[in-house]
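Comments concern the structure below.
Every number in this text was worked out from the coordinates using simple rules, so none of it is lab data. Computed from a prediction, not measured in an experiment: that's the story for all the values here. With ideal geometry, Cβ positions are generated from the backbone for all residues, glycine too; neighbour counts draw on all protein chains shown.
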Amino acid sequence: MATTYDAIVVGAGHNGLTCAAYLAKAGRKVLVLESRDSIGGATASEEIYPGFTFSTCSYVVSLLRPQIIRDLELSKHGLEIMPLDWTFSPFEDGTSLLRGPDAEMNRRNIARFSRKDAERYPLFGQAMSELGRMMKPIIESPIPEPSKLTPSTIFEALRLGKQFKGVGEEWLAANLKMMTMSAVDFLSEWFESERLIGPMSVSGIIGTFLGIRSPGTAYVLLHHYMGEIDGAFRAWGLQKGGTGGVAMAIARSAESLGVEIKTGCRVDKVLMTGSEARGVVLVNGDEYHAKAIVSGADPHRTFLGLIGEDRLDEDFVKQIKRFKMRGSSGKVNLALDSLPEFPGLDQESPALRADITIAPNIDFLERAYDDAKYGRFSREPFMDCVIPSLTDPSVAPPGKHVMSIFVQYAPYNLKEGPADWENQREAFGDAVINTLERFSPGIKDRILHRHVLTPWDLEKTYGLTEGNIFHGELSLEQLAFMRPAAGWARYKTPIEKFWLCGSGAHPGGGIMAAPGQLCANTMLKARAV
Amino acid sequence: MEGISIQRAARSADLNHFALAGDARKRYILTPMPIRSPFHDRVARYCTSFAWKDWAGYYAASHFGETHLPEYWAFRESCAITDITPLFKYEVKGKDAARLLSRMTVRGFEKLPVGRVAYTCWCDANGKVIDDGTVSRLGEAHFFITAAEPTLSWMSRLSRGFEVELLDVSERTGALSLQGPTSRDVLKQCTDANLDALKFFQTTSAKLDGAGVQISRTGYSGDLGYELWCNAEDALKVWDALMTVGRDYGIEPAGIEALDMVRIEAGFIMLGVDYYSAPHVTIDARRSSPYEIGLDHCVKLDRDSFMGQEALRAEAARGAEWKLVGVEADWLELERLYESYSLPPGLAPAACRDSVPLYLDGKFVGQVTSTVWSPLLKRYICLASVKAQYAALGTKLKLEHTALYERKTVTATVVERPFFEPERKRTP
Ligand SMILES: Cc1cc2nc3c(=O)[nH]c(=O)nc-3n(C[C@H](O)[C@H](O)[C@H](O)COP(=O)(O)OP(=O)(O)OC[C@H]3O[C@@H](n4cnc5c(N)ncnc54)[C@H](O)[C@@H]3O)c2cc1C
């Protein structure tokens, strides 16, 4: 082969691209190989139906690190995040709750269900932001080497960390407790109305195969709150032209720094000499060589696929196999002929521009989880919807709209086996639409096109093992020191010169770009390239 | 603030003038409050915030909903519609119209083609800026002028000996600004104008739902956008037509707060904020020449005599004392400053018009006059006046900033202005 690279990154997901850009920024020659014909991985915009651009997988941007935006000059390269400030929760009796940036409006709206909750609500937000702020240094730096590898050491380390200096013991105890609690238990300590607890608890289960009453889901809640730590400067948002624009901006930045990106190149295996990685071979037999190989694919695909069990230590293989993927969510993207309606709302209401959460009460969510426990998709699933075309008309023809619906639960492992998703896909789509119809009467008749993604599709099309949206659950035992395996949480792997930079590495999934950045920085610091 | 009080006095004197002139009289006398623009009925319907401001004696919406941010995003992602009727509007007609404007303002108008708009400013005899605005040539001997301050008396004083007719059309003309990437699509759906042929800073007359309108491709947002002028009687019709069509293109009524954010991103100055009108202030330190407020490109020195020419010629030779520049505050430093108080960065997500000093080595070297955290650019940007020797791109200064009671500073670098200038602003 003609060129030798300093580094080859497998996968042009947003993390792979970020890693490549940082390496190139430090003067390294980098090649990115992507198996699909387009870049972005789970951060993609696709015109599935003519004239309508769907953010096929991920749809809201909240965690993207500001430092990365600055370092890679992403605004210059097309990053444009429009805020998603409101949360709208319709209920079955035709009432609804709208929460947003106006504190007085929140108080008024929540007070219709509970005056006490209305009073507590701003205090809760403050407590979560405070916790989030303390966590910030953790998601912005590689995890330190711990002495003992148990989840409790994570919090020991936190306790010692400088960010917790000056914080009262009592405060710490009260708040760190949340780490092991369920989302519902944690929220119930704050609030009394299910109309608040229901919609708020779902952040604790997104992307996990856990119920809102499962221990540990309170932490996931916080993970989703971290997007708000910088207040007005980096709240939740939608990328202009769809989420794919985020990956595109990173790719443009990477290319401007000299990175070469090749699509339609599926890597079959990592080439090794002894215990060292030295290149990759594509399924078509082409070989590429480099001083270091980085994988942006998930840990299962990376270690059990690109490397192979036979080349790895048995213990490590066990750990990777134990690393829970078990996808639990699907996605339905709709092209709509007109704006959906909800009882009691006029079309000017900001509610339609909100994050629309269908999670009316605790039982509803528990029932949805029950189905999943027995290998069925939820007959009445939890849904998180957005209508980006209201803020960004460029994603749909004039007057038409796109609606993105994140759906849970859709277990990868159906009772009949994952391949049976081929037979159940449309029934799953029907369950979603039928449920939505109850909250937004008439939505069925507005649908011009329906695009259903099951966990099986997420695996087949986007290369996400078992359809897990975060390259492995963000549950407590799979974070920080344990991500993806004890002893290997610093992007380095048991294979020499082979690194992991995707969401399966610390600090985890979501459009955050932190694993990619931290991996590159760790490699550079270790003089690995 | 001596500037402000004198401006107010001037304004009410001016209203009295109109009160004598006709039907404004009833309104003014019966309601000693801001008056209503011809769009008010519609604007008020959307203004659920009741957040009104006084703009040149008119009610102007600060923001319409809970916050101004959706309006800001409409400017940048879809289409924002703003009632700009409070601008002062004049027509100059007659054989000497071009000559008068060339005499009054800092550039010549004899060669401006019909259908073109020019941005300009006008000065007093000492070359200090009185106001800035646009001049459209509607016909060989017919011009249309916008201004932030009443200008009729100034124009008529200068017009002695010129064969011109001056008309104050401020009250009888309704004005709307339609700005943003889908603004052209909206207009295309409801007018007969050939908008693909209408270039940046051109103007055309058109029919909009049967009403005659003048459309110019201008605006205060630094983006693709248009300004529409119509008879006050047609105002509601025009508004309704735009809003009806606009719905499919994400149109949003937008207020002054959102407008202020985008105009700073676009690097545009504002009278009374980034500079003061020369006759309205009492000391020279508050007055500015065009060279000092970034309007160098407007000034055409070598032509027939015009107001302030000599002073400006001398200043051009000598070099201006002050310069208007773009400044960007170092975000990381700002974050650290807040962090030192255990606070997240606490900037308001709105434009700020307070002047704040800039230092170099502890010495005062200028002040920022307009500041905004740009949600689009993710930058904390300011317009500033600095002593000319500190105006070079890349110059690092210290900007005063108060995170918690104490006055501190953060690094602020002189950067290019405009901060935001999309291609679509100019492209066909
Ligand atoms: C349906 C869905 C909804 C989501 N919603 C949100 C959301 O709203 N907000 C949010 O923050 N996050 C969301 N997420 C999560 C987020 O999208 C992911 O965590 C993130 O995009 C993962 O990025 P990554 O770069 O780590 O990996 P990926 O995006 O998975 O990229 C990995 C890339 O590697 C490629 N690849 C794999 N194997 C090979 C091979 N052998 N050879 C070559 N290339 C290979 C893949 O094709 C892919 O492009 C969602 C995810 C999904 C699936």
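Key figures
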item	result
DSSP-assigned coil residues among chymotrypsin sites (Phe, Trp or Tyr not before Pro) in region A:357-428, each with at most 13 further Cβ atoms within 10 Å	A:Tyr374
MRE, 222 nm, helices only [DSSP H, n ≥ 4, -39500 (n - 2.57), over chain B, to nearest 500]	-7500 deg cm²/dmol
Per-residue HN-Hα couplings for region B:264-276 [Karplus 6.51, -1.76, 1.60; θ = phi - 60°; Hz; x = Gly/Pro]	6, 4, 7, x, 7, 8, 10, 5, x, 10, 8, 7, 10
Cut-off 18 Å (backbone N to label point 7 Å along Cα→Cβ of B:Asp240), residues of region B:53-67	none
Region B:271-428: C-alpha gyration tensor shape, a/c 1.5 cut-off, then a/b vs b/c	prolate
Sequence-distant residues sharing a close amide H with B:Leu397 (under 5 Å, placed H)	B:Ala412, B:Thr413, B:Val414
Longest segment of chain B lacking GluC sites (Glu not before Pro) that sit in a DSSP loop with at most 14 other Cβ atoms within 10 Å	B:164-320
Cβ-placed point charges (K, R +1; D, E -1), dipole of region A:322-478 about Cα centre in debye, nearest 20	280
Range of Cα positions in region B:81-222 per principal axis (Å), largest first	46, 27, 26
Size of electric dipole in chain A: Cβ of Lys, Arg +1 and of Asp, Glu -1, about Cα centre, debye, nearest 20	1360
Label-point gap, in nm, between B:Arg407 and B:Asn231 - each point 7 angstrom along Cα→Cβ	5.6
Inter-site label distance for A:Lys460 and A:Lys444 at 7 Å from Cα along Cβ, in nm	2.7
Given A:Lys136/A:Lys269; A:Lys373/A:Lys492; A:Lys324/A:Lys444; B:Lys111/B:Lys387; A:Lys29/A:Lys497, the pairs whose alpha carbons are separated by over 24 Å	A:Lys136/A:Lys269; A:Lys373/A:Lys492; A:Lys324/A:Lys444; B:Lys111/B:Lys387
Within region A:327-351, backbone nitrogen closer than 15 Å to the virtual label 7 Å beyond the Cα of A:Ala419 toward Cβ	none
Estimated 222 nm signal from helices in chain A, with DSSP H stretches of n ≥ 4 weighted -39500 (n - 2.57), rounded to 500	-10000 deg cm²/dmol
Cross-link reach list, aspartates and glutamates versus B:Lys408, counting only Cα pairs under 20 Å and skipping chain neighbours closer than eight places	B:Glu328, B:Asp330, B:Glu333, B:Glu335, B:Glu339, B:Asp354, B:Asp361, B:Glu400
Relative contact order of chain A, pairs being alpha-carbon contacts under 8 Å that are 6 or more residues apart, as %	25
Hz values of 3J(HN,Hα) by residue in region A:268-273 - Karplus curve (6.51, -1.76, 1.60), Gly and Pro given as x	8, 9, 8, 7, 10, 10
D (Stokes-Einstein, µm²/s), Kirkwood Cα radius, chain A, 0.692 mPa s at 37 °C	140
Cα gyration tensor shape of the protein assembly as shown, rounded if a/c is under 1.5, else prolate or oblate by comparing a/b with b/c	prolate
Dipole in debye (nearest 20) - the protein assembly as shown, about Cα centre, beta carbon charges: Lys, Arg +1; Asp, Glu -1	1700
Inter-part distance where region A:22-38 and region B:59-89 are each reduced to a Cα centre, Å	43
Anchor B:Lys188: lysines whose Cα lies under 16 Å away (excluding residues fewer than 8 positions away in-chain)	B:Lys199, B:Lys207
Extension gain, A:Glu192 back to A:Asp268 (0.36 nm per residue minus Cα-Cα distance, nm)	22.0 nm
Given charges at Cβ of Lys, Arg, Asp, Glu: chain A dipole, positive-most of A:Trp236, A:Ile110, A:Pro393	A:Trp236
Label-point gap, in nm, between B:Thr48 and B:Met33 - each point 7 angstrom along Cα→Cβ	2.2
Centroid-to-centroid separation of region B:97-143 and region A:465-480 [C-alpha atoms, Å]	66
GNM result for chain B, Cα springs below 10 Å: residue of B:Arg45, B:Arg116, B:Arg286 fluctuating most strongly	B:Arg45
Cα centroid of region A:192-209 to Cα centroid of region A:282-347, whole Å	25
Mean projected area in nm² (Cα convex hull; one quarter of hull surface) for region A:326-465	8.6
